[in-house]
Amino acid sequence: MINEHTNLDDALREAEDKVYRQKILDNKSVRVSILNTLRENLEEKNLETQEHTKRVAKYSVKVGKALGLNYEILEKLALVGELHDIGKIGIPEHILLKPEKLTNDEYEIMKTHAEKGYRLALLLPELSYIARDILTHHERWDGRRYPLGLKGEEIPLVARIVSVIDSFDAMTNDRIHEIRISKYKAIKEIKACSGKQFDPKIVEVFSNIIENEL
């Protein structure tokens with residue numbers, strides 16, 4: 001059986017080694033180096049495309065601006081948008097890349113990526129402040145999802161925003177376990193989940209942004 005810590009440990013070690021090799025001194029450069037290494041790990045395993053993470057980050061910030069959030073939170077939105085699924089580095093590839101529907105056991109393993117991402121972020125000082133947002137980006141507004149079963153505003157605002165946009169992007173672009181649909185149909189589906197899966201206010205704001213682009 002694959003040790004669930006192996007891939008996470010390798011990714012962390014690679015990121016840290018890169019930082020030390022380059023003798024990076026300032027916090028901004030440390031963050032850039034770590035982020036680049038983690039992004040490379042995701043892309044090498046064909047888990048998340050650079051285009052997907054950029055779209056999630058871009059629209060998360062747009063929603064944040066529409067909500068009047070401050071610069072610090074907008075920065076978190078951009079970072080969580082890019083790294084929300086970083087824990088997938090610790091999921092076996094035969095599950096991540098399986099084209100067929102996952103079995104119940106495989107799905108339970110897949111669900112652990114939020115906790116793996118949380119642990120990985122906590123181990124990296126430059127990312128620790130977004131760890132809880134990574135952990136909770138799959139929670140539902142009605143409290144019926146994983147990993148903590150949080151409900152409503154118990155879920156961090158950044159995670160609530162990223163959740164809506166990540167789901168929309170998954171529906172409107174080709175991914176392993178998703179069939180692409182139109183943006184119009186995707187927004188309709190997002191609205192149908194308002195107050196159940198998603199924060200109603202965020203759905204309203206994001207829907208307005210997308211509908212103005214159609």
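Of all residues in the range 60-69, those that are open to solvent by 30 Å² or more (accessible area, probe 1.4 Å), in contact (Cβ under 8 Å) with a residue 24 or more places away in the chain and part of a helix (DSSP H, G or I) total 2. Please tell me if Asp105 is in a loop (DSSP other than H, G, I, E, B) and over 21 Å from Ala66 (Cβ atoms). No, not satisfied.
Is it the case, given these coordinates, that Lys196 is open to solvent by 80 Å² or more (accessible area, probe 1.4 Å) and either assigned to a helix (DSSP H, G or I) or free of Cβ contacts under 8 Å to residues at least 24 places away in the same chain (or both)? Spell out how you get there, then give the answer.
Numbers: open to solvent by 80 Å² or more (accessible area, probe 1.4 Å): yes; either assigned to a helix (DSSP H, G or I) or free of Cβ contacts under 8 Å to residues at least 24 places away in the same chain (or both): no.
So Lys196 does not fit the description; no.
Of all residues in the range 154-183, how many are part of a loop (DSSP other than H, G, I, E, B) and over 15 Å from the mean Cα position of the chain (by Cα)?
Taking the range 154-183 and keeping what is part of a loop (DSSP other than H, G, I, E, B), we get 155-156, 173-174, 176-177, 179-182.
Now drop any that are not over 15 Å from the mean Cα position of the chain (by Cα), which leaves 173-174, 176-177, 179-182.
Residues meeting the conditions: 8.
Among the listed residues Thr136, Thr172, identify the single one that is open to solvent by less than 60 Å² (accessible area, probe 1.4 Å), closer than 22 Å to Glu115 by Cα, free of Cβ contacts under 8 Å to residues at least 60 places away in the same chain and not basic (Lys, Arg).
Details: Thr172 fails: closer than 22 Å to Glu115 by Cα.
Checking each option against the conditions leaves just Thr136.
Reported count of residues in the range 82-99, each being under 12 Å from Arg175 (Cβ atoms) and at pLDDT below 85, is 3.
Scanning the range 70-114 for residues that are without any contact (Cβ under 8 Å) to a residue 12 or more places away in the chain and closer than 19 Å to Val162 by Cβ yields Asn70, Tyr71, Glu72, Glu75.
Taking only the range 87-101 into account, find how many residues are surrounded by 11 or more Cβ atoms within 10 Å (Cβ to Cβ) and over 20 Å from the mean Cα position of the chain (by Cα). Break it down stepwise before answering.
Quick first cut of the range 87-101, residues surrounded by 11 or more Cβ atoms within 10 Å (Cβ to Cβ) only: 87-93, 95-98.
Then drop every residue that is not over 20 Å from the mean Cα position of the chain (by Cα), which leaves none.
Result for the range 87-101: 0.
Being at pLDDT 90 or above, in a helix (DSSP H, G or I), hydrophobic (A, V, I, L, M, F, W, C) and open to solvent by less than 60 Å² (accessible area, probe 1.4 Å) is a property that Ala121 lacks. In the set Ile179, Ile187, Ile165, only one residue is over 14 Å from Thr53 (Cα atoms) and touching a helix residue (DSSP H, G or I) at 6+ places or on another chain (Cβ under 7 Å); that residue is Ile187. Only one of the listed residues (Lys116, Lys151) is open to solvent by 50 Å² or more (accessible area, probe 1.4 Å) and either at negative phi or at pLDDT 95 or above (or both). That residue is Lys151. Exactly one residue out of Glu204, Glu189 is surrounded by fewer than 17 Cβ atoms within 10 Å (Cβ to Cβ), acidic (Asp, Glu), assigned to a helix (DSSP H, G or I) and touching a strand residue (DSSP E or B) at 6+ places or on another chain (Cβ under 9 Å): that is Glu204.
The values are calculated or read from the model by the stated rules, or taken from the named source; none is laboratory data. All figures in this text were calculated on a predicted structure; none of them were measured in a lab. Using ideal geometry, Cβ is built from the backbone for each residue, glycine included, and neighbour counts are taken over all protein chains shown. Surface areas here come from the heavy atoms of the whole protein model, side chains and all, with no ligands, DNA or RNA. Shrake-Rupley method; radii C 1.70, N 1.55, O 1.52, S 1.80 Å.
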